[in-house]
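*Asks:* Here you go, one structure.
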Ligand code: AP5
Ligand code: MG
């Protein structure tokens, strides 16, 4: 299974990705998570990316294209992968197609999670994430058992620095301007599965599994 999951900020890409990679035993490749890891480790890439991410705008194409190209050629991607948050521009999609051609492989499906704009800001600002395992919660729709503590490992939860109302609004606009054209791009390739992301988490997972099993 070679998959892409696409959708606006707060649509539930990371939440659903965790379930998909468990079912299909494929690696979850999130460019957002990779960039945040680089920021945490103060790498050259992290230092360059941070300014863009704090503003809610995209990191330049050449930087993310490079990390994805390197990542998808690793051994654990031999039987597939799930790309979350990449591609995000038409230039990224074109370069991914060229890279897949070079490797002699094809995408199987592009899962497009559709959620109304007014739901997105609330979902993002009430998101909390585990510092250690990356599990994602929501203080309204998907709270941990104990306040601010991860169910998996007892570690404290944190709020992403780009989950402020202002930055989320910028990220939504950036999605509409630069990423949403990919919906037509992949529809034209016959790869798109439209998923109603306004439903609850289990319902969305069921829709995705049904689309992939077809
Ligand atoms: P990234 O980390 O990819 O952020 P994003 O696309 O803005 O998406 P999010 O992670 O915010 O949302 P999500 O869809 O994963 O939602 P989640 O499942 O967590 O990118 C961050 C930044 O990195 C970008 O702004 C950019 O600067 C840079 N970047 C990354 N990739 C790049 C690229 N390719 N090119 C250039 N720059 C790049 O869910 C959200 C919340 O809602 C959670 O609390 C969750 O519990 C809850 N929730 C989920 N589903 C439901 C549901 N069905 N009902 C109710 N609540 C739900
Ligand atoms: Mg995410």
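Quick note: the coordinates plus some simple rules give every number you see, no bench work behind them. Just so we're clear, the structure is a prediction, and the values are computed from it rather than from any experiment. Positions of Cβ are backbone-derived with ideal geometry, glycine not excepted, and every protein chain shown enters the neighbour counts.
*Asks:* Residue 93 fails exactly one of the following numbered conditions: (1) surrounded by fewer than 23 Cβ atoms within 10 Å (Cβ to Cβ); (2) at negative phi; (3) away from ligand 1 (no atom under 12 Å from the Cβ). What is the number of that condition?
*Replies:* (3)
*Asks:* In the range 181-214, how many are free of Cβ contacts under 8 Å to residues at least 24 places away in the same chain and under 28 Å from residue 139 (Cα atoms)?
*Replies:* The qualifying residues number 5.
*Asks:* Assuming residue 107 fulfils every condition listed in (1) within 16 Å of ligand 2 (Cβ to nearest atom); (2) under 25 Å from residue 23 (Cα atoms); (3) under 17 Å from the mean Cα position of the chain (by Cα) apart from one, which condition is it?
*Replies:* (1)
*Asks:* Of the residues in the range 1-27, how many are more than 28 Å from residue 166 (Cα to Cα) and surrounded by fewer than 23 Cβ atoms within 10 Å (Cβ to Cβ)?
*Replies:* Number satisfying all stated conditions: 11.
*Asks:* Based on what the data block shows, is residue 105 surrounded by fewer than 18 Cβ atoms within 10 Å (Cβ to Cβ) and not in a helix (DSSP H, G or I)?
*Replies:* Spelling it out, residue 105 is indeed surrounded by fewer than 18 Cβ atoms within 10 Å (Cβ to Cβ) and not in a helix (DSSP H, G or I).
*Asks:* Additional query: Looking only at the range 17-66, how many residues end up being outside any helix (DSSP H, G or I), within 16 Å of ligand 2 (Cβ to nearest atom) and in contact with a strand residue (DSSP E or B) (Cβ under 7 Å, 6 or more places away or on another chain)?
*Replies:* Residues in the range 17-66 being outside any helix (DSSP H, G or I), within 16 Å of ligand 2 (Cβ to nearest atom) and in contact with a strand residue (DSSP E or B) (Cβ under 7 Å, 6 or more places away or on another chain): 4 in total.
*Asks:* For residues that are part of a loop (DSSP other than H, G, I, E, B) and under 16 Å from residue 123 (Cα atoms), scanning just the range 1-16, find the one that is farthest from ligand 1 (Cβ to nearest atom).
*Replies:* The residue in question is 8.
*Asks:* From 154, 134, grab the single residue that is at positive phi, in a loop (DSSP other than H, G, I, E, B) and free of Cβ contacts under 8 Å to residues at least 12 places away in the same chain.
*Replies:* Sole residue among the options that is at positive phi, in a loop (DSSP other than H, G, I, E, B) and free of Cβ contacts under 8 Å to residues at least 12 places away in the same chain: 154.
*Asks:* Identify, please: which residue in the range 46-85 is free of Cβ contacts under 8 Å to residues at least 12 places away in the same chain and within 9 Å of ligand 1 (Cβ to nearest atom) and is, among those, surrounded by the fewest Cβ atoms within 10 Å (Cβ to Cβ)?
*Replies:* Residue satisfying both the conditions and the ranking: 60.
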